[in-house]
Structure formats: C-alpha cells, structure tokens
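The values are calculated or read from the model by the stated rules, or taken from the named source; none is laboratory data. Predicted, not measured: the structure shown is a model, and the values here were computed from it. Cβ placement follows ideal geometry from the backbone for every residue including glycine, while neighbour counts extend to all protein chains displayed.
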Amino acid sequence: MGRARTRLCYLFGVSLKKKIAILPGDGIGKEVIPQAIRALEAVGAPLEFTSFDWGADRYLTDKTTVPPDGFAMLGRDFDAILLGAFGDPRVPTNIHAKEILLGMRVEMDLYANVRPVRLLDGRLCPLKGVEAKDIDFVVVRENTEGVYGDVGGVFKKGTADEVAIQEDINTRKGVERVVRYAFEYAANHLRLDGSPRQNVLMCDKSNAMTHAGGLWQRVFKQVGSEHPQFKCEHMYVDALCMQMVRDPRQFDVIVTNNMFGDIITDLAAGLQGGLGMAASGNIHPGKTSMFEPVHGSAPPIAGKNIANPFGAILTAAMMLRHLGLGAEAEKIEAAVLAALLAKKTTVDIGGTLGTREAGEWVAQRVGA
C-alpha cells in the first residue's frame, strides 16, 4: 500500500514524494481539480501526481468504469487520491459514478467520511448575526453501510401492487469503528481558534428506526463512556437540522449514519457559503484515503468556467494535512481566506472571476 511504499523508499534512499492519484471525473470536476493541483504545485509540497481517465468519457468509449485491479492498484501504489465529481447525463444510469465513487468507498473500505464545516467569511452565511468564528464543526459520516449498499429489490414492478424494499444495513463493527473515529478526531483536532473540541453528538432517528437506532445508541453510549473528557449528546436528525440553522455555534463533532450524513452535510454546506466551499475526505486510518469536494458534477454549468474551485482547493489542503504536511495546508487555506476577503472569487460567492482565474489568484498567493 501507499504507506508501505513510503517506508520502503525511506529504507532504500528513494524519493519520499507522496504519490497522489488524480481522478477529475466528470462535469465541473474536470475544471476544479486542475485548480486544486495548481495550488498544490504552488505550495511546493513534495508530491507526485498521476492522472486517471476514469469517468463518463472513458465509459462511453469502451464501457470501462473501473479497470481490473483498479482499486487494489490505488491502495498499493498511492498515498492518497484526489477526486473530482462523477455524473453525466450521457450515461442515464450513472453506472460509472456508482461503480467508481461508491465502489471506491466500499472496496477500499473508506469507512469515515469527514466533512469540515467552517465559515471562513461571515458574508457567506445566510444566517443573520453569525460570524466566521461561530461555525466550526465536523460531520463524521459512516461511509460504507446504510441504504447505500443497494440491498433490496422490487416486486411486481410497474403494476398497482408494486413493492419496493430498500434495506438499511448497520453492523456492530461498522457503527463502532466510525463512532470511535469521531471521538479520536475530536481528541486530535483543535478548533480554528486553537481551543480543544468538547462535544461529540450522535444523530439518528431511533424513535422511528428502533433497531438500527438502538444499535447506534448502545455503541455511542459505550464508546462515549471511554472518553469522559467529552460531553456526549444526542439529537434526532430532524431536530439537528432545526438546530443547525437556529444555532450552529453549539456543535463540535457530529457522527451519524450514511444517509443522514449525506443530507445534513449539504445543509451544513449552506452555512459556509454553499457546496462550492465544502471539502471532504473519505478516510481509513493507516490506509490510502480519498479526498473529494462535496459538490457534484453540476452538468448545467460544466465547461462554462463559472464553477467555484475553492471546495476542491480546500479539499487538497485537507489531503495535505492528512499526509502530515500541515504547514503547506495552512498556506493554501490562508490563500483561500485572502481571496474571500479580497473578493477574488467566482460569482456564486460574490466575486467576478471565473474558475481558472480564481484558481490562479489562489496559486499566486500561495507561491508569493
């Protein structure tokens, strides 16, 4: 795997550059990922990039979604993966997106989807009276189970008696490891102001989903008892959504299942300036992990040079931090903040620049 390769390089005196697999994907992914790479190159991080053409274009050419041994190769030969977005109207089933993105999460066992929710500029938040310092929390989403496992089926399809069943899979192993990850994240990551994180909140819908919710409740209580330094809290997902827009100041780390995590992080992105500002990582500690901006491929705006590249650039910074390159990550994050304050941004967040121009401004700031 990538980390094993790094150890061998050290022993044999080979270059210690981190090997990064680049998958721009579809739509605006092919526009924003190059801007993230520009920032990475400008900061001078010891990285080596290899690009892969997995996506709709490749699928439409030869029906390949993931080449044989593709996921094993990524885990074996690379230290991290930087991914754009998948989805293309030319592939109505989006089978390539499912097999590449969801397949990568499952086959590489990237069980913790980590989404920082940070407001860098108070102007970007739609809530009145909220300042940048007020929104700084993280959502840890279980990433390999739940309803995304596509377990279920349809009976008597197309008739008046049609029945559709979608199973919600929650294993003790899957729940416990992501809950433990959330507590470990809280212990090892400070807030932006340098203060320690104090609260870990578990979100579910156990008043309706009693079996799955009961498992999450028991595990959270057990693991929480092992971390007495944190205040352990619980909210139903509907109450959490209300509180997130009522008073986001109260949150530190939120851990939840796959579906609820998907939904609440899109809501949370609205608090920080929209999906174009949101970064994420798909993590398996000690193994090759994947980093992707939260937004999708956005076909309606693809190719128009108007997509916000900052989510991808902040995702690249998140990847650097994961790889132990914290100083370089801070330079990139500082450049994005400077761009926001100077309004050197795309139109969606109040600027006048295009995707390429905003990315160039950040890269120049990083390299200055």
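Every listed requirement among (1) modelled with pLDDT of 95 or more; (2) part of a loop (DSSP other than H, G, I, E, B) is met by Val179 save one, (2). Against the numbered list (1) part of a loop (DSSP other than H, G, I, E, B); (2) charged (D, E, K, R); (3) in contact with a strand residue (DSSP E or B) (Cβ under 6 Å, 6 or more places away or on another chain), Lys157 comes up short only at (3).
Residue check: Lys63 meets all listed conditions (1) surrounded by fewer than 16 Cβ atoms within 10 Å (Cβ to Cβ); (2) at negative phi; (3) modelled with pLDDT of 95 or more but one, namely (2). Kindly evaluate Ala208 against the criterion of being surrounded by 13 or more Cβ atoms within 10 Å (Cβ to Cβ) and either modelled with pLDDT of 95 or more or touching a helix residue (DSSP H, G or I) at 6+ places or on another chain (Cβ under 7 Å) (or both). So Ala208 does not fit the description; no.
Residues in the range 248-261: is at least one without any contact (Cβ under 8 Å) to a residue 40 or more places away in the chain and closer than 20 Å to Asp136 by Cβ? Spell out the reasoning first.
The initial filter retains those residues of the range 248-261 that are without any contact (Cβ under 8 Å) to a residue 40 or more places away in the chain, namely none.
Within the range 248-261 (the criterion being without any contact (Cβ under 8 Å) to a residue 40 or more places away in the chain and closer than 20 Å to Asp136 by Cβ), the answer is no, since none of the residues qualifies.
Please determine whether any residue of the range 212-227 is touching a Pro at 6+ places or on another chain (Cβ under 8 Å) and in contact (Cβ under 8 Å) with a residue 40 or more places away in the chain. There is no residue in the range 212-227 that is touching a Pro at 6+ places or on another chain (Cβ under 8 Å) and in contact (Cβ under 8 Å) with a residue 40 or more places away in the chain. All conditions in (1) touching a residue at least 12 places away in the same chain (Cβ under 8 Å); (2) assigned by TED's automatic domain parsing to the domain that holds Asp26; (3) under 23 Å from Ala187 (Cα atoms) hold for Arg321, with the sole exception of (1). Could you tell me whether Phe260 is closer than 30 Å to Ala80 by Cα, aromatic (Phe, Trp, Tyr) and either buried (at least 17 other Cβ atoms within 10 Å of the Cβ) or in contact with a Ser or Thr (Cβ under 6 Å, 6 or more places away or on another chain) (or both)? Yes. Within the range 134-162, being under 30 Å from Leu110 (Cβ atoms) and basic (Lys, Arg) holds for one residue alone: Arg141. Each residue in the range 194-204 was checked for being outside any strand (DSSP E or B) and either on the phi > 0 side of the Ramachandran plot or surrounded by fewer than 18 Cβ atoms within 10 Å (Cβ to Cβ) (or both), and 4 pass.
Using the structure shown, decide if Arg191 is within 26 Å of Asp150 (Cα to Cα) and either surrounded by fewer than 17 Cβ atoms within 10 Å (Cβ to Cβ) or modelled with pLDDT of 95 or more (or both). Talk me through it step by step, then tell me what you get.
Details: within 26 Å of Asp150 (Cα to Cα): no; either surrounded by fewer than 17 Cβ atoms within 10 Å (Cβ to Cβ) or modelled with pLDDT of 95 or more (or both): yes.
Answer is no for this residue.
When you look at Asp134, is it surrounded by fewer than 21 Cβ atoms within 10 Å (Cβ to Cβ) and either within 18 Å of the chain's Cα centre (by Cα) or assigned by TED's automatic domain parsing to the domain that holds Met242 (or both), yes or no? Spelling it out, Asp134 is indeed surrounded by fewer than 21 Cβ atoms within 10 Å (Cβ to Cβ) and either within 18 Å of the chain's Cα centre (by Cα) or assigned by TED's automatic domain parsing to the domain that holds Met242 (or both). The residues listed here are Gly281, Gly273, Gly354, Gly286; of these, the one that is at pLDDT 95 or above, surrounded by fewer than 24 Cβ atoms within 10 Å (Cβ to Cβ), under 18 Å from the mean Cα position of the chain (by Cα) and over 19 Å from Arg141 (Cβ atoms) is Gly286. Could you say which residue among Asp136, Asp121 is touching a Gly at 6+ places or on another chain (Cβ under 8 Å) and over 30 Å from Arg172 (Cβ atoms)? Only one candidate passes the filter, namely Asp121. If you go through the range 58-93 and keep only what is among the β-branched types (Val, Ile, Thr) and in a helix (DSSP H, G or I), you end up with just Thr61. Screening the range 20-58 for residues that are free of Cβ contacts under 8 Å to residues at least 40 places away in the same chain and under 20 Å from Asp88 (Cβ atoms) and picking the one that is surrounded by the most Cβ atoms within 10 Å (Cβ to Cβ) gives Phe52.
Evaluating Leu120 against the criteria (1) buried (at least 18 other Cβ atoms within 10 Å of the Cβ); (2) within 16 Å of the chain's Cα centre (by Cα); (3) within 28 Å of Pro300 (Cβ to Cβ) leaves one unmet condition, (2).
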